1. Taking 0.36 nm per intervening residue step and subtracting the Cα-Cα distance, what contour gain separates VAL182 from SER82 on full extension?
2. Would you mind computing, in nm to one decimal, how far apart the modelled labels at ALA163 and GLN254 are, each placed 7 Å from Cα along Cα→Cβ?
3. Once label points are set 7 Å from the Cα along Cα→Cβ at both ILE433 and PHE120, what is their separation, rounded to one decimal in nm?
4. If you plug each phi of region 382-392 into the Karplus form 6.51 cos²θ - 1.76 cosθ + 1.60 with θ = phi - 60°, what whole-Hz ³J(HN,Hα) values come out, in order, with x for Gly and Pro?
5. Which Cα, out of GLY126, ILE412, GLY37, lies furthest along the positive dipole direction of the chain (beta carbon charges, K/R +1, D/E -1)?
6. For an R0 of 22 angstrom, estimate the FRET efficiency from the Cβ-Cβ distance between GLN71 and LYS402 and round to the nearest 0.05.
7. What is the dipole size for the chain, taken about its Cα centre, with +1 at each Lys and Arg Cβ and -1 at each Asp and Glu Cβ, in debye to the nearest 20?
8. Extending each Cα 7 Å along its Cβ direction at PHE447 and ARG202, get the distance between those two points in nm, one decimal.
Amino acid sequence: MAIKQRDGFSGKFGVIAAAAGSAVGLGNIWRFPYVTGENGGGAFLLLYVFFIIVIGVPVMMSEFVIGRRSQSNAFGAFRKLSPGSAWWIIGLMGIVAAFVILSFYSTVAGWTLEYVYQAFSGNFAGKNITQLNADFANFTSGSWRPLFWQMLFMIFTAGVVFAGVQKGIEKYTKILMPVLLVMIIAICVRSVTLPGAEKGLRFLFEPDFSKLSFQGVLTALGQAAFSLSIGMGALITYGSYVRKDTPLLSTAVQVATTDTIIAILSGVMIFPAIMALGQDPAAGPGLVFVTLPGIFQAMPGGFYFAIVFFVLLSVAALTSTISVLEVVVAFLIEERKMSRGKATLIGAGAISIIGVACTLSFGPLKDFKIFDKTVFDLMDYLSANIFLTFGALLIVIYTGWKLGKSNFVDEINQAAKIPKFLSSTIVFIIKYIAPLAIGAVAIGAFFFEGLT
Ligand code: PFF
């Protein structure tokens, strides 16, 4: 019987582009600055970077290993590697997390499209921050307009996923990621040369631990997981498309480094501008949509900068949403035996339905609250602080205690042998340090501060 070749990435650069494409997204440019602002700046940043190194990279490697070893989607991977056990629950949680994440993420991704349109129409020209704030509130509190952009964004996402791994995901991310980096650096240069920029840089880099609560520590951990796309099986799914001759350690380190650099650059892009324009750094989700148009409209060539920036922001979002949708689609194809077309349609369709509630929670549904949060805020909170954190915990426990050292080390040594002390250290972190650290933070936040 002829075995149908599984679709997959062509080589290391393809994997890095796709995985970094997944990692770098609204989480870096839109979410990182506002959670950093809300949690006191520099101290948060330090913890964030610490979590990326100690928890992010080991979890990312675990996901790659689970995916490549099983050659399966996030759910099937656990059934294949540990048949007869209940570890597939991690995969199932990942599918649920995909729904939670994509529902609110596509709301913001939709906003980025509106802002591309606004930038093209020259709408920011001559407006001050109060007007830009009002425009943002006006737009997001509507119904049809934000819903239209959200649905359009879901259609783009579905289009790339439908095209497949190599001809869709890899092809687009390889071009778009490098362009994004260049653009961000250009805007950073503008931002740090604004009058009063040092104040913003100080806010971002000067640590003041007195401003950090347990909840803030949990948020740093959740943000690290969210930003790296770990904890829900997106990287298990991508890992299953990675060829055996691609080294997993260096891939994980390069993806995490790229992601962290872009998050920090986003902070450098935003905070000096916030201070220069006299805005509040803890202003929340609207930061990118108000502050940046504020700088663009006041700078030479700002019209073009604005267009390019919002196009790239939507592209960064797109390379992330495809990785979330692919988790659901790969599951439907392999476990429910659907064609890629049907799986994409059903997955994207179902997610869009919950997405509607998120989008409307800035307008008609703004008073509908669960645990004192709007649907959007609840999904945002649940995704990073609960699903991804808990998912990352289960993944390291699985890798360290069930999959075992020999399987793990064998898989990471497939392409290039890494020194024994290094692989032993990574295994030690996965087995003991990462689960203890994640457990302590999650329990601390829950017991000391509850779901606030
Ligand atoms: N890492 C993405 C970002 O920072 O925007 C968001 C994300 C993508 C989270 C994929 C989780 C995921 F599986």
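1. Numbers: separation 100, 0.36 × 100 = 36.00 nm, distance 4.37 nm.
Gain in length upon complete extension: 31.6 nm.
2. 2.2 nm
3. The modelled label-to-label distance comes out at 4.9 nm.
4. Calculated HN-Hα couplings, in order: 4, 4, 7, 6, 10, 4, 6, 5, 5, x, 4 Hz.
5. Result: ILE412, furthest along the dipole toward the positive end.
6. Working: r = 18 Å, r/R0 = 0.83.
The calculated FRET efficiency here is 0.75.
7. Here the size comes out at about 1360 debye.
8. Taking the two extended label points, one gets 3.9 nm.
Taken together, the values in this text are just the output of simple stated rules run on the coordinates, not laboratory data. Model, not experiment: these values are computed from the prediction. Because the Cβ atoms are built from the backbone with ideal geometry, glycine has one as well, and the counts that use them run over all protein chains shown.
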